[in-house]
Amino acid sequence: MEYHISSGADIVDLGFGFDATPDDVLSVFSRLKDIDHPLAVDTQDPDLIRYALVRADIVLSLQETNIPLVGKAVAEAGAAAVIVPGNSTLIKNLARAKRAGIECIIADPLLQPVGSGLVASLKNFSDTDYPLFFGAGNVTELIDADSVGVNALLAGMAYEVGSSIIFTSEHSDKTRGSIREMRQATEMMSLCADRPYPKDLGIDLLILKEKRRRREPPLEYETATPAKKMPGPITYDPKGNFRIGIEGGQIVAVIRGKAVRGDHWDDVLYTILSHGKVSLLDHAAYLGKELYKAELAIRYGRSFEQDGEF
């Protein structure tokens with residue numbers, strides 16, 4: 001919960017699987033009742049919705065099958081509801097929610113993933129005067145492309161169709177960081193309201209690419225020595241070998257039961273060297289390489305494996 005809020009989420013959505021019970025839902029929302037942050041329950045099961053209303057501010061999602069069963073309870077709780085089409089149209093379901101007494105109604109025309117009608121589904125976002133819910137999460141999860149650019153483009157689509165809420169998730173490893181990315185993307189779209197394009201705004205989502213390449217002066221030298229291949233056999237440092245890993249967002253280097261922890265590779269390496277834990281230059285160079293890889297893994301949210309490819 002704290003991670004999602006600190007990443008920039010305005011609303012935290014709690015989903016429940018098919019095997020969840022009303023007691024499970026009641027237990028979760030009861031424990032969160034003192035959190036000063038909007039919470040949503042993500043289920044279409046009427047029983048689970050009823051028990052979530054002890055704390056839930058928003059219900060995802062209502063349609064023709066569950067509105068007759070829990071619409072009045074949602075209205076009495078003063079909760080907002082995201083309305084979706086089912087076997088009935090979105091317009092008819094919106095009317096059902098209004099008749100049930102729900103005052104805060106959000107329309108979700110259901111954005112489709114790439115290959116299943118993404119472009120065609122965008123036209124449905126002009127069919128209602130209610131605030132629009134833009135479900136970007138499924139699109140990002142169901143395409144094997146870096147989430148940064150996908151989220152930026154989806155935020156632009158949401159901006160153009162006039163959506164009020166963008167939904168994203170971090171269900172898989174490949175989409176970890178999507179909340180922060182989508183937050184920054186929506187801020188970019190807000191800043192470009194009086195500009196033709198979301199560029200040159202002071203913020204961006206360029207992470208691995210550069211907006212402009214730096215132009216370094218040419219190198220000056222008189223002779224060049226071709227680099228030799230590193231010898232195959234490894235000469236182990238008599239002072240021991242380090243196991244390098246990541247814990248709690250920090251670099252950790254362990255030798256003989258003692259660890260050095262730090263946020264930056266050079267700090268960790270300096271500490272190791274200053275304590276006299278290295279006696280061979282090639283071992284020191286190796287440690288610098290692996291420690292820097294670990295820092296890059298933390299910076300870009302990637303996994304780290306000592307001696308593995310980055």
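Bear in mind these aren't lab numbers, they're just calculated from the coordinates by the rules spelled out. Keep in mind it's a predicted model, so treat the numbers as computed, not measured. FYI the Cβ positions are ideal-geometry reconstructions off the backbone, even for glycines, and counts take in every protein chain you see.
The table below lists the values:
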quantity	calculated
Between region 264-305 and region 23-84, the alpha-carbon center distance in angstrom	49 Å
Per-residue [θ]222 nm for the chain (sum of -39500 (n - 2.57) over DSSP H runs n ≥ 4, rounded to 500)	-10500 deg cm²/dmol
Debye intensity ratio in log₁₀ form over the Cα atoms of region 243-299, taken at each q of 0.20 Å⁻¹	-0.64
Cubic angstrom per residue, convex hull over Cα atoms of region 38-127	97 Å³
Rg/Rg_ref, region 1-158, where Rg_ref = 2.2 N^0.38 Å and atoms are Cα	1.06
Relative counts (whole %) of C-alpha pair distances in region 83-122, using bins that are 10 Å wide	29, 44, 21, 6
Residue among Ala259, Ala294, Ala224 with the largest mean-square fluctuation in a Gaussian network model of the chain, springs linking Cα atoms under 10 Å	Ala224
Rg followed by Dmax, in Å, when region 133-277 is reduced to its Cα trace	23.2, 65
Trypsin sites (Lys or Arg not before Pro) restricted to region 220-288 and DSSP loop, no more than 12 other C-beta within 10 Å	Lys228, Lys229, Arg256
Selection from Leu26, Val114, Val150, by position along the positive dipole direction of the chain (Cβ)	Val150
Principal axis dimensions, the chain - Cα atoms, whole angstrom, descending	82, 48, 32
Region 197-310: equivalent-ellipsoid semi-axes (sqrt of 5 x gyration tensor eigenvalues, Cα, Å)	31, 24, 13
Most fluctuating residue given options Leu53, Leu273, Leu132, as computed from a GNM of the chain linking Cα atoms under 10 Å	Leu273
Under Karplus coefficients 6.51, -1.76 and 1.60, residue-wise ³J(HN,Hα) of region 289-294 in Hz, glycine/proline x	5, 5, 5, 5, 4, 5
³J(HN,Hα), Karplus 6.51/-1.76/1.60, whole Hz, each residue of region 209-221, x for Gly, Pro	9, 9, 5, 9, 6, 6, 9, 7, x, x, 6, 10, 7
Within-11-Å neighbourhood charge of Val278 [Cβ basis; K, R +1; D, E -1]	0
Karplus-derived 3J(HN,Hα), 6.51/-1.76/1.60, for each residue of region 51-56, Hz, glycine and proline x	6, 6, 5, 4, 8, 4
Listed residues Leu291, Leu62, Leu94, most fluctuating in the chain (Gaussian network, C-alpha, under 10 Å)	Leu291
Cα Rg over Rh - region 170-214, Kirkwood	1.05
